[in-house]
Amino acid sequence: MPRVGLNQQTVVREAARLADEVGFQQLTLAALASRLGVALPSLYKHVRGADALAQKLAALATAELATEMTTAAVGRSGGDALRAMADAYRDYAHRHPGRYPATQRVPDPADPEHVEAGERAVGAVAAVLRGYGLTGDDVVDATRALRSALHGFVTLEAAGGFGLPQDVDRSYHQLIASMDISFRSWPGTGR
């Protein structure tokens, strides 16, 4: 019989908290079961296994990130929207170092929550980029460029990959400023 009050949502939320403490790659069902005070087999009543847990955690983290990026960009346009959204992205990665890597998982088409979260995350970025006059394939290309830049920076930062003494925040803001310039003069926009 499942522990009273334990359900899939509770299990996934606790997994997210644990991932932030120990790291996404170190998250195990055994550690989660111990944290929840249940026997490992009890978790299988709520998630089918480690991969299913990672999938649900990815859906949760992607939805959280999408909400934060959207909220940050609302009412803004151009470079202001880009900076606000990019700062929200980086802030999320800082606050949730175990959840953030899960946001990079491609949504499983069989998981409607993850698909919807992924669409909202991409939609937030696309809305900001449309503010630069980008449309069609240009939005896809610019989304990929921005995602690569943001993910690369926050991943290197989390790994301690910026060993020079200069201010990392300044470097991040310079990256975003360069992306703003790039989007304002994107090839094919006629500007």
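Coordinate-derived values only; no laboratory data. Just so it is clear, the structure is predicted and the values come from calculations on it, not from any experiment. Glycine also receives a Cβ, built like all others from the backbone with ideal geometry; neighbour counts cover every protein chain displayed.
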> Most exposed first by the Cβ proxy, i.e. fewest other Cβ within 10 Å, how do 82, 6, 146 rank?
Replying inline: 6, 146, 82
> With labels modelled as points extended 7 Å from the Cα through the Cβ direction, what inter-label distance (nm, one decimal) is found for residue 7 paired with residue 144?
Replying inline: 4.1
> So for the pair residue 174, residue 39, with labels modelled 7 Å out along Cα→Cβ, what separation do we get in nm?
Replying inline: 5.9
> Taking R0 as 22 Å, what's the FRET efficiency between residue 67 and residue 17 from their Cβ-Cβ distance, rounded to 0.05?
Replying inline: 0.80
> Using a Gaussian network model of the chain with C-alpha springs under 10 Å, which one of 12, 22, 128 is most mobile by mean-square fluctuation?
Replying inline: 22
